[in-house]
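Asks: Let me give you the structure first, and then I'll get to my questions.
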Ligand SMILES: [Fe+2]
């Protein structure tokens, strides 16, 4: 099968001016293109490449969201709760799409993943990340590779950092608004 839609690319107008976060965003677009190329390419080793790519995507999501959320916490950013809710909702969508593919092994399910990532990211950068432009800076962003941050996110219950909206004090996350947010893979509480 060929992926029908052209994939959006990162362009400098999507820069939010923080080096590590801009590099993360570009990595997601490269990964979205890789997923598209795998689906469009030959059969050889396709399944292993897909599994590798989706594992990297899951790690990137954990690591990149952790990077932004640690910086927002350090800067006492006043729109952190809404931002983390947006991150959690998207992570749930991606994890669900990957789980669907793993259940069906249908390349259409994996083919949908590249555009899902690129389209969401463009909108998120321009609408949500853009609001912390000028509030966060290179100085308050942890610039370690995403893999290290992903590990931190999985142990953040013991750290003084928000790993997901579950970590907010009770009452901070408005319960009446939309779906309740959970840690990935768990049922909403
Ligand atoms: Fe974000």
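The values are calculated or read from the model by the stated rules, or taken from the named source; none is laboratory data. Nothing here was measured: the structure is a model prediction, and the numbers come from that model. Positions of Cβ are backbone-derived with ideal geometry, glycine not excepted, and every protein chain shown enters the neighbour counts.
Asks: Residue by residue through the stretch 61-75, note down the ones that are under 15 Å from the mean Cα position of the chain (by Cα) and near the ligand (Cβ under 10 Å from one of its atoms).
Replies: Across the stretch 61-75, the qualifying residues are 64, 65, 67, 68, 69.
Asks: Out of all the residues in the stretch 11-54, which are touching a residue at least 60 places away in the same chain (Cβ under 8 Å) and within 22 Å of residue 141 (Cα to Cα)?
Replies: 14, 16, 17, 18, 19, 20, 21, 24, 25, 27, 28, 29
Asks: Quickly run through the stretch 110-121 and pick out the residues that are part of a helix (DSSP H, G or I), away from the ligand (no atom under 12 Å from the Cβ) and crowded, with 17+ Cβ neighbours inside 10 Å.
Replies: Across the stretch 110-121, the qualifying residues are 110, 111, 113, 114, 115, 117, 118.
Asks: Right, another one. Tell me which of these residue 79 doesn't satisfy, since it passes every other one: (1) within 23 Å of residue 27 (Cβ to Cβ); (2) at pLDDT 95 or above.
Replies: For residue 79, the failing item is (1).
Asks: Please list, ordered by first then second residue, the pairs with beta carbon atoms under 8 Å, 6 or more apart or interchain, first in the stretch 82-94 and modelled with pLDDT of 95 or more, second outside any helix (DSSP H, G or I) and near the ligand (Cβ under 10 Å from one of its atoms).
Replies: Note: pairs meeting the criteria are 82/128; 83/128; 86/128.
Asks: Considering every residue within the stretch 145-153, establish whether at least one is surrounded by fewer than 15 Cβ atoms within 10 Å (Cβ to Cβ) and at pLDDT 90 or above.
Replies: No.
Asks: Which residues, taken from the stretch 76-101, are over 18 Å from residue 118 (Cβ atoms) and within 14 Å of the ligand (Cβ to nearest atom)?
Replies: Correct list: 77, 79, 80, 81, 82, 83, 84, 85, 88.
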